[in-house]
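Step one of this worksheet: look at the structure below.
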Amino acid sequence: MPSPKSKPVSASAIEQHVYKVFPNDMNSHNTVFGGMIMAKCDRLALVVAERHSAHVCVTAAVDSIHFRAPAKGNDTLLFSLSLNRSWGSSMEIGARVEAENSYTGEVRHILSAFFTFVALDEEDKPVDVPEAIPETDEQKRRFENAEIRRKGRLQTREKLSSRTGQ
């Protein structure tokens, strides 16, 4: 049984949040504006982070945003997000967005991204969050991969800091 300092991934996950595409969501290429999709992912990732941590959270980093295919008019977007792993006060949330053709039912994977959030206390200081407990094989795979991505982010930050003196 998980301790009070841990929570299962399923406790904060969002599965297939539905968003219907309308003409005001389109860009000049007549596909869905990528910035709108990214903003919705960020808001939903915040929900996952705050559900898991039970604290106010802020976006610390967004990386590995991959647009795999365009979404089009009359598509319905399906957003699925879940906590991949937590470390101290930070959490990585993975996002997957699919586009479903409203008439044929065809579903296409259109975006994958990773968001890092930090939980804050009442004085806006970082606060520790519960450990994430993966429950399925897929969650365990994402849990392990999150550590690889974190190491890469930290190495990049260190390299850039040493080059710029910041």
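Odds and ends about this structure:
- Restricting the stretch 106-137 to residues that are within 25 Å of THR76 (Cα to Cα) and free of Cβ contacts under 8 Å to residues at least 60 places away in the same chain leaves a set whose member that is surrounded by the most Cβ atoms within 10 Å (Cβ to Cβ) is PHE114.
- Restricting the stretch 56-105 to residues that are basic (Lys, Arg) and in a strand (DSSP E or B), the residue that is surrounded by the fewest Cβ atoms within 10 Å (Cβ to Cβ) is ARG96.
- The stretch 32-55, residues that are open to solvent by 60 Å² or more (accessible area, probe 1.4 Å) and acidic (Asp, Glu): GLU50
- Of all residues in the stretch 5-29, those that are more than 30 Å from ARG85 (Cα to Cα) have Cβ atoms under 9 Å from Cβ atoms of residues that are among the aromatic types (Phe, Trp, Tyr), 6 or more apart or on another chain, in ASP25/TYR19; ASP25/PHE33; MET26/PHE33; ASN27/PHE33.
- In the stretch 122-139, the residues that are more than 17 Å from the chain's Cα centre (by Cα) and assigned to a loop (DSSP other than H, G, I, E, B): GLU122, GLU123, ASP124, LYS125, VAL127, ASP128, PRO130, GLU135, THR136
- Each residue in the stretch 13-41 was checked for being of a type outside the set (Phe, Trp, Tyr), in contact with a helix residue (DSSP H, G or I) (Cβ under 7 Å, 6 or more places away or on another chain) and under 14 Å from ALA71 (Cβ atoms), and 3 of them qualify.
Rundown of residues vs (1) over 13 Å from the mean Cα position of the chain (by Cα); (2) over 13 Å from VAL9 (Cα atoms), yes/no style:
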{"site": "HIS55", "(1), (2)": "yes, yes"}
{"site": "THR59", "(1), (2)": "no, yes"}
{"site": "VAL62", "(1), (2)": "no, yes"}
{"site": "PHE79", "(1), (2)": "no, yes"}
{"site": "LEU83", "(1), (2)": "no, no"}
{"site": "ALA95", "(1), (2)": "no, yes"}
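The values are calculated or read from the model by the stated rules, or taken from the named source; none is laboratory data. Treat the numbers as computed from the prediction; the structure is a model and nothing was measured. When we count neighbours, we look across all protein chains shown, and the Cβ atoms used for this are built from the backbone with ideal geometry, even at glycine. What goes into the accessible areas is simple: the full protein's heavy atoms, side chains included, and nothing from ligands, DNA or RNA. Shrake-Rupley method; radii C 1.70, N 1.55, O 1.52, S 1.80 Å.
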